[in-house]
There are 2 protein chains.
Amino acid sequence: MRMAVIGAGSWGTTMASLVAERSDVALWARRPDLAEAINGGENPDYLPGVALPPMRATSDLAEALDGAEAVLLAVPSHGLRSVLEAAPPIPVDIPILSLTKGIEQGSGMRMTEVIRDVLPEHRTAAIGVLSGPNLAKEIVAGEPAATVVALRDLAVAEVLQRAIMTRRFRVYTNNDVIGAEICGALKNVMAIAAGMITGMQFGLNTSAMFVTRALAEMARLGMRLGSNPLTFGGLAGLGDLVATSMSPLSRNHSVGARLGAGETIEEILATSAQVAEGVKTTPPVLALAEREGVEMPIAEEVGRVLRGESTPLESVERLMTREAQSEGHGIIEP
Amino acid sequence: MRMAVIGAGSWGTTMASLVAERSDVALWARRPDLAEAINGGENPDYLPGVALPPMRATSDLAEALDGAEAVLLAVPSHGLRSVLEAAPPIPVDIPILSLTKGIEQGSGMRMTEVIRDVLPEHRTAAIGVLSGPNLAKEIVAGEPAATVVALRDLAVAEVLQRAIMTRRFRVYTNNDVIGAEICGALKNVMAIAAGMITGMQFGLNTSAMFVTRALAEMARLGMRLGSNPLTFGGLAGLGDLVATSMSPLSRNHSVGARLGAGETIEEILATSAQVAEGVKTTPPVLALAEREGVEMPIAEEVGRVLRGESTPLESVERLMTREAQSEGHGIIEP
């Protein structure tokens with residue numbers, strides 16, 4: 001199979017090197033010097049020291065896409081639209097997978113919505129998502145991991161599953177594109193909440209409660225948008241949330257941990273090179289939840305703390321003293 | 001409300017002290033000296049140093065149950081049957097909640113099945129389960145936590161919810177008794193698997209994948225037995241599994257970690273005071289899965305490693321190279 005991977009950050013490069021086991025891979029890097037380095041066997045900017053398998057890297061989008069039978073998009077959420085707009089026509093029935101987690105600022109669109117917006121003629125059932133607990137560094141090191149390819153056309157999903165799966169990286173199919181994408185966008189918000197719990201030095205009961213109830217509210221929003229609540233208990237939801245929420249390497253988690261330990265968001269932003277994805281995603285997520293009339297109490301408290309309107313401890317107390325409810329409230333019909 | 005809590009281990013005593021906020025609690029301890037100590041304000045055997053609120057402790061079962069409007073059973077799985085058999089008649093319509101996680105050795109029965117077996121006249125819809133990520137030490141220390149009361153009669157569940165809930169311990173209702181019980185029994189098996197991943201020094205991706213796929217196979221078995229797969233993504237399932245799988249305090253997790261690091265089960269048992277619950281639960285769980293025709297690949301590998309037929313690494317490799325599947329295989333209709 002001939003695959004184009006668009007975006008040579010750590011995740012795009014990692015996926016390209018996995019896919020190169022079975023397919024002919026073209027990897028697009030924005031910068032010619034990075035493409036050249038990758039052709040020399042290393043991505044010094046994003047995966048320094050990792051020996052890459054043979055692949056064709058190029059900074060020419062048309063060359064990367066030429067003859068591709070599938071496209072994997074691994075550019076940041078703020079860059080996806082402009083890259084697609086700059087691309088030459090892509091055959092309308094080949095699969096396009098978004099590897100990007102996040103929501104487009106301004107439009108509030110999910111990544112597959114951005115793809116459909118730029119490529120309105122493309123076959124919708126062939127536009128999907130690859131998502132899961134996939135820290136690039138661990139996967140490129142060969143640690144066992146798994147992911148989900150979510151795509152409406154199951155036959156196409158299975159072709160990609162066979163193309164991407166290796167002995168160390170399992171690929172599961174799922175037909176719930178919206179669910180998988182909502183998971184990827186919301187988990188960064190929830191990772192901030194999980195970080196706060198760590199920062200307040202609460203124990204495992206408290207963390208486990210927050211992860212579980214965070215998933216419940218993610219599922220509530222997802223259902224309202226047409227997705228299957230069971231997707232949220234899968235690799236793109238629970239799996240990614242557990243990995244992100246427990247990882248001291250996650251920027252979102254560490255923002256939360258610093259908030260939980262008593263720093264203000266201004267102090268944290270002043271000493272951070274990059275704004276954590278969850279900090280940017282929280283306002284559009286809350287706007288979406290409000291528009292859809294879905295209660296998301298944990299996300300709302302993350303918003304309050306980020307806006308400086310509540311301390312993490314006050315937020316926890318507000319959450320703990322909410323009205324008593326059934327566990328499946330808003331998910332399972334009573 | 002008048003509540004009887006049967007069993008004065010760390011969990012029974014903790015629940016009694018929570019419930020004592022709103023109810024008149026009688027706590028049954030097998031040993032008179034322990035009952036006397038608790039009446040003095042401390043359980044020196046199971047919660048040393050913790051000041052208990054006023055409650056009536058007794059070693060007389062009839063006295064503990066006299067006038068009770070609800071019964072919470074917190075005796076170990078191997079002792080539940082004999083305690084119930086020794087008890088005076090319990091009014092057939094008062095709620096009975098099992099706080100015990102596990103399966104009865106020999107019969108393979110869930111705890112509510114044991115209750116129904118001993119008390120066949122008791123109203124089935126009033127027999128339920130309380131389960132969640134509830135490490136007694138953290139809860140008695142006042143850390144925020146949550147649990148599920150699963151009971152077929154939702155009105156009764158809501159009465160118990162109001163009686164048990166405090167500002168630091170949220171109670172959610174659920175009508176899926178079987179699901180909540182299966183979760184509690186299986187999580188100890190899965191915690192051994194999670195421990196092995198830690199012992200092999202794999203990272204968070206790998207742990208998150210195992211937790212997620214472990215829940216999927218728990219849900220497969222649960223569904224076959226009539227439960228709702230969404231229960232497995234709730235507090236009794238996911239919540240408890242995350243807490244147990246991440247906790248170095250869990251005996252099951254530490255057995256797994258030692259196996260993962262290369263020790264044999266004989267070496268581990270030779271240096272352990274108690275056999276971890278998951279080691280005992282694995283054979284009946286595998287027998288149940290086989291009888292029901294449900295694939296439980298992770299539980300099967302735990303069985304193989306415990307029987308000395310596979311190393312943890314061989315088990316991981318076998319799991320990673322299984323046939324490619326959909327994520328909802330056996331749970332979501334294709």
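The values are calculated or read from the model by the stated rules, or taken from the named source; none is laboratory data. From a predicted model like this one, the values you see are computed outputs, not experimental measurements. FYI the Cβ positions are ideal-geometry reconstructions off the backbone, even for glycines, and counts take in every protein chain you see. These accessible areas exclude ligands, DNA and RNA; they are computed on the full protein's heavy atoms, side chains included. Shrake-Rupley method; radii C 1.70, N 1.55, O 1.52, S 1.80 Å.
Brief remarks on what is shown
- Subset tally (residues that are open to solvent by less than 70 Å² (accessible area, probe 1.4 Å) and either in contact with a Gly (Cβ under 6 Å, 6 or more places away or on another chain) or not aliphatic (A, V, I, L, M) (or both)) for the range A:61-75: 3
- For the range A:142-165, taking the residues that are more than 9 Å from every other protein chain (Cβ to nearest Cβ) and within 14 Å of residue A:179 (Cβ to Cβ), the one that is most open to solvent (accessible area, probe 1.4 Å) is identified as A:152.
- Only one of the numbered conditions (1) under 22 Å from the mean Cα position of the chain (by Cα); (2) assigned to a helix (DSSP H, G or I) is violated by residue B:274, and that is (2).
- For the range A:223-233, the criterion of being buried (at least 24 other Cβ atoms within 10 Å of the Cβ) and either within 15 Å of the chain's Cα centre (by Cα) or under 17 Å from residue A:300 (Cβ atoms) (or both) is met by at least one residue.
For every residue, the table says whether it meets (1) among the aliphatic types (A, V, I, L, M); (2) closer than 16 Å to residue A:235 by Cβ.
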residue	(1), (2)
A:120	no, no
A:130	yes, yes
A:142	no, no
A:150	yes, yes
A:155	yes, no
A:160	yes, yes
A:199	no, no
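- Filter pass, residue A:58 being within 24 Å of the chain's Cα centre (by Cα) and not basic (Lys, Arg): no
- Of the residues B:261, B:289, the single one that is open to solvent by less than 20 Å² (accessible area, probe 1.4 Å) and either within 14 Å of another protein chain (Cβ to nearest Cβ) or in contact with a helix residue (DSSP H, G or I) (Cβ under 9 Å, 6 or more places away or on another chain) (or both) is B:289.
- Selection from the range B:195-212 of residues that are open to solvent by 20 Å² or more (accessible area, probe 1.4 Å) and facing chain A (nearest Cβ under 7 Å): B:202, B:204
- Qualifying residue in the range A:108-115 (condition: crowded, with 19+ Cβ neighbours inside 10 Å and of a type in the set (Lys, Arg)): yes
- Of all residues making up the range B:292-330, the number that are of a type in the set (Val, Ile, Thr), under 23 Å from the mean Cα position of the chain (by Cα) and within 14 Å of another protein chain (Cβ to nearest Cβ): 1
- Residue pairs meeting the criteria (Cβ under 8 Å; at least 6 apart or on separate chains; first closer than 11 Å to residue A:167 by Cα, in the range B:297-324; second open to solvent by 70 Å² or more (accessible area, probe 1.4 Å) and outside any helix (DSSP H, G or I)): B:317/A:167; B:320/A:167; B:320/A:168; B:321/A:167
- Yes/no for residue A:274 being open to solvent by 50 Å² or more (accessible area, probe 1.4 Å) and either free of Cβ contacts under 8 Å to residues at least 12 places away in the same chain or more than 14 Å from every other protein chain (Cβ to nearest Cβ) (or both): yes
Residues checked against (1) over 30 Å from residue B:279 (Cβ atoms); (2) open to solvent by 50 Å² or more (accessible area, probe 1.4 Å):
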residue	(1), (2)
B:85	no, yes
B:98	no, no
B:117	no, yes
B:120	yes, yes
B:134	no, no
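Yes/no per residue for (1) open to solvent by less than 10 Å² (accessible area, probe 1.4 Å); (2) at the interface with chain A (Cβ under 10 Å from one of its Cβ atoms); (3) touching a Leu at 6+ places or on another chain (Cβ under 9 Å); (4) touching a residue at least 60 places away in the same chain (Cβ under 8 Å):
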residue: B:168; (1), (2), (3), (4): no, yes, yes, no
residue: B:173; (1), (2), (3), (4): yes, yes, yes, no
residue: B:180; (1), (2), (3), (4): yes, yes, yes, no
residue: B:220; (1), (2), (3), (4): no, no, no, yes
residue: B:235; (1), (2), (3), (4): yes, yes, no, yes
residue: B:238; (1), (2), (3), (4): yes, yes, yes, no
residue: B:253; (1), (2), (3), (4): no, no, no, yes
residue: B:257; (1), (2), (3), (4): no, no, no, yes
residue: B:265; (1), (2), (3), (4): no, no, yes, no
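- Residue count for the range A:54-85 satisfying the condition of being in a loop (DSSP other than H, G, I, E, B) and within 14 Å of residue A:27 (Cα to Cα): 10.
- Residue selection: residue B:157 fails the criterion of being touching a helix residue (DSSP H, G or I) at 6+ places or on another chain (Cβ under 9 Å), within 28 Å of residue A:319 (Cβ to Cβ) and among the small types (Gly, Ala, Ser).
- Filtered by the rule that a residue be more than 17 Å from residue A:100 (Cβ to Cβ), open to solvent by less than 60 Å² (accessible area, probe 1.4 Å) and part of a strand (DSSP E or B), the range A:1-53 gives A:25, A:26, A:43, A:47.
- Taken as a whole, the range B:136-149 holds at least one residue that is at pLDDT 95 or above and among the polar types (S, T, N, Q).
- Scanning the range A:60-116 for residues that are at pLDDT below 95 and of a type in the set (Ser, Thr, Tyr) yields A:77, A:100, A:107.
- Test result for residue B:29, out of contact with any Ser or Thr (no Cβ under 6 Å at 6 or more places or on another chain) and hydrophobic (A, V, I, L, M, F, W, C): no
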